[in-house]
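Asker: Please read through the structure below; I'll follow up with questions.
The values are calculated or read from the model by the stated rules, or taken from the named source; none is laboratory data. All figures in this text were calculated on a predicted structure; none of them were measured in a lab. Backbone-built Cβ (ideal geometry, glycine too); neighbour counts: all protein chains shown. Just so you know, the surface numbers come from the protein's heavy atoms only, side chains and all, with ligands and any DNA or RNA stripped out. Shrake-Rupley method; radii C 1.70, N 1.55, O 1.52, S 1.80 Å.
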Amino acid sequence: MKSVMNFVDGQFLAGKGEEKYDVFNPAFGERIASVREARREEVDRAVDIAVDAQTRWQRVPISDKIKILFKLENLMWNNLEQIAEVTTIEHGKTFEESKGDVVRAIQNVESAAASSYHIMGRNNRQIANGIDEELIRVPLGVFAVISPFNFPVMIPFWFFPYAVTLGNTVIIKPSEKTPMSMEFVMKLVKDAGYPDGVIQLVNGGREAVDYILDNKKIAGVSFVGSTPVAEYVYKKCTSSRKRVQCGASAKNFVLVMPDADLKVNIGNIIGSFYGNAGERCLAGSVLVTLPDNHDKVLKLFTKVASTLKLGYGMDKSTDMGPLIRRDHLQRVEGYIETAVEEGGKVILDGRKIRPKRYPNGFFLGPTVVDEVTEDMKVMNEEIFGPVASVYTANSFEEALQVINSSKYGNASSIYTTSGKFAKEFSEGVSAGNIGINVGVAAPIAFYPFAGMKDSFFGDLHPQGGEDSTFFFTERKVIITRW
Ligand code: NAD
């Protein structure tokens, strides 16, 4: 059985801690690797190495840093399929989805190449008699990146290319459920020519996270995961004066107006709910219709959803892969049961769909629950699976009010041909990423990933040149009397 390696000081090292977690191929329900929980002394050693490496790395001219970044970019393109295959094996998403995960990662490498522009300071000559004043941006030291299971490649890349190009060093702690993709990427980091200690990887789960949060030499933490853990990380970091940004859980609403062009958009709407098997923080979760179009939308949505083919992600004919773990599958099935108990009507039941070729996989078919009301669990909690809850609002205004009553605010989409509705929706909905005829409102790398409310803790968002530059640097003002 393979044991996932750490990457510390330019070397792949076996962890010393307890073998605590299993990595599965979720399509086969098979254990394929194990992960050791990092010990405190292993995390502390990696941090000491990062502190030391940063003293030299910060002095490397930014143009030289960007040359290494370009090498990494090239290596990522050249190894796109190999990385994507590792992701499909350990996560379950389709090969095409995994390739998308890698492409989004590479876009952040490309976006970080603009750091030499973003890091520029400002100055005023003769701000007072004989006095000049100048603002410069300086790196802070060592940052940690703690990532979730669902985008094992893209999410660490939301942060580390910016952090290192701006002169910091980083320690990445991937999800213990999908750690092999970033283990693979570390080979490319080494081949690109990053000096030892600039980018490191330590593995583990909650204990490794605590060792990171406890380490006083770490200047800041970029976290993405569920809301309870995000809140915990945020509070711990702010109380110990670490910089922190935490992307968190989501409950995304997709409003389909009667004037929407359903024919053109149905594939896009379906992709929002069932892409990545619904394990996506931008996934559609509640399908909102009006009385005028409810029956028409539901009929077409259910018809198309029922054609999706479940299977192993490396099989070309697969449209939707499995969920990440058996216990998560049971949790999602539990939501469907509760919805029925609370008065929902199951129109398409994914629990009855099991791909014959993969009897031990963690599969759940596309599910549609109609007649969902505001107080129901499926309306309020993140499910993180292929379940569409259908809510019928009496008006556009009521739809907005229902969407805004959610405690989450990651993303929300509207399908309409009306400029009026599109504008009112984008201005009136309290979510950070808005889609107009776009079901997965995923900002391109040079825009921030803008979650709100319980979907984000912090001020500066992941990715995007400006937010990243502010997060990963400190401003200094220099006043000179000539
Ligand atoms: P998770 O919160 O279980 O884990 C995230 C990270 O935190 C992992 O590295 C994990 O090892 C660590 N962790 C888990 N429990 C911990 C604990 N008790 N103490 C300290 N660390 C702990 O999340 P997940 O299941 O891996 O990912 C799914 C969640 O992530 C969903 O809620 C999803 O919406 C969210 N997500 C959010 C975004 C976003 O940008 N807002 C993006 C992707 C995923």
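Asker: Just the accessible area for C281, please: 1.4 Å probe, Å², rounded to the nearest 10?
Answerer: 30
Asker: May I ask what percent, to the nearest 5, of DSSP beta bridges between residues of the chain are antiparallel?
Answerer: For the chain, the DSSP antiparallel bridge percentage is about 45.
Asker: Taking H as built 1.01 Å from N, whose amide H comes closer than 5 Å to the amide H of G284, not counting residues under 5 places away?
Answerer: F273
Asker: Just want the answer: with Cβ charges of +1 for Lys and Arg and -1 for Asp and Glu, which residue in N276, T392, L298 is farthest toward the dipole's positive end in the range 252-436?
Answerer: Highest projection toward the positive end goes to N276.
Asker: Something else now. Can you pull a Stokes-Einstein diffusion coefficient for the range 252-436 at 10 °C (1.306 mPa s), Rh from Kirkwood over Cα pairs, as a whole number of µm²/s?
Answerer: Translational diffusion coefficient: 96 µm²/s.
Asker: Could I ask something else about it? Just to confirm the number: angle between the C-alpha axis of helix 262-274 and the first principal axis of the chain, 0 to 90 degrees, nearest 10?
Answerer: Taking Cα atoms only, the helix is inclined about 60 degrees.
Asker: Going 7 Å from the Cα of I62 in the Cα-to-Cβ direction, what parts of the range 155-173 have a backbone nitrogen less than 17 Å from that spot?
Answerer: Of the residues in the range 155-173, 160-169 have backbone N under 17 Å from the label point off I62.
Asker: Among V47, I146, I436, pick out the residue whose Cα is farthest towards the positive end of the charge dipole of the chain, where Lys and Arg carry +1 and Asp and Glu carry -1 on C-beta, about the Cα centre.
Answerer: Going by the charge dipole, the pick is V47.
Asker: Need one word for the chain: rounded, prolate or oblate. Basis is the Cα gyration tensor (sqrt eigenvalues a ≥ b ≥ c); a/c below 1.5 gives rounded, then a/b vs b/c decides.
Answerer: Oblate.
Asker: What distance in nm lies between label points placed 7 Å from Cα along the C-beta direction at I436 and K296?
Answerer: Result for the modelled spin labels: 2.2 nm.
Asker: Round to a whole angstrom and tell me the spacing of the C-alpha centers of the range 55-108 and the range 124-163.
Answerer: So the separation of the two Cα centres works out to 20 Å.
Asker: When the dipole is taken about the Cα centre of the chain, and only Lys, Arg (+1) and Asp, Glu (-1) are charged at their Cβ, what size is it in debye, to the nearest 20?
Answerer: Dipole about the Cα centre, nearest 20: 960 debye.
Asker: Also: Which of F95, A411, I83 sits closest to the plus end of the dipole of the chain, meaning its Cα is farthest towards the positive end, when Lys and Arg get +1 and Asp and Glu get -1 on the C-beta?
Answerer: So the residue we want is I83.
Asker: Local charge sum around T87 (other residues, Cβ-Cβ under 13 Å, Lys/Arg +1, Asp/Glu -1)?
Answerer: My count for the surroundings of T87 gives -4.
Asker: Which FRET efficiency value, to the nearest 0.05, is calculated for E381 and K217 with the Förster distance at 51 angstrom and r the Cβ-Cβ distance?
Answerer: 0.85
Asker: When Lys and Arg each count +1 and Asp and Glu each count -1, what net charge do the other residues less than 13 Å away from I49, Cβ to Cβ, add up to?
Answerer: That works out to -4.
Asker: Follow-up question, since we're still on this one. So with the 1.4 Å probe, I'd like the accessible area per residue for the chain, rounded to whole Å².
Answerer: 41
Asker: Tell me which residues come under 5 Å, amide H to amide H, from G409 once H is placed; ignore anything under 5 positions away on its chain.
Answerer: Here K251, M452, D454, S455 satisfy the definition.
Asker: Using the Cα centre as the reference, give the magnitude of the dipole from point charges on the C-beta atoms of the range 252-436 (Lys, Arg: +1; Asp, Glu: -1; all else neutral), rounded to the nearest 20 debye.
Answerer: For this selection, approximately 1000 debye.
Asker: For the range 194-265 and the range 403-435, compute the distance between their C-alpha centroids and round to whole Å.
Answerer: 23
Asker: Follow-up question, since we're still on this one. Whole-Hz Karplus ³J(HN,Hα) for the range 320-334, in order, using 6.51 cos²θ - 1.76 cosθ + 1.60 and θ = phi - 60°, x for Gly and Pro?
Answerer: 9, x, x, 7, 6, 8, 5, 5, 6, 4, 5, 5, 5, 4, x
Asker: Would you work out the charge dipole size for the range 367-427 about its Cα centre, treating the Cβ of every Lys and Arg as +1 and the Cβ of every Asp and Glu as -1, and quote it to the nearest 20 debye?
Answerer: 240
Asker: For K71, which lysines qualify as cross-link partners when the Cα separation must be under 27 Å and same-chain residues fewer than eight apart are set aside?
Answerer: K99, K173, K187, K190
Asker: A further question on this structure: From the phi angles alone, apply the Karplus equation (6.51, -1.76, 1.60; θ = phi - 60°) to the range 234-249 and give each ³J(HN,Hα) in whole Hz, x where the residue is Gly or Pro.
Answerer: 4, 5, 5, 5, 5, 6, 10, 6, 8, 5, 8, 9, 10, x, 9, 5
Asker: For a quick check: with amide H placed at 1.01 Å from N, whose amide H comes under 5 Å from I172's, ignoring anything fewer than 5 positions away on the same chain?
Answerer: Those lying under 5 Å, H to H, from I172 are V145, Q200, L201, V202.
Asker: Would you kindly state how much longer the chain becomes between Q401 and E341 on full extension, computed as 0.36 nm times their sequence separation minus their alpha carbon distance, in nm to one decimal?
Answerer: Stretched fully, the Q401-E341 segment lengthens by 19.1 nm.
Asker: Ok, one more. When the accessible area of the range 252-436 is computed with all protein chains present and a 1.4 Å probe, what percentage of it is carbon and sulfur?
Answerer: 51
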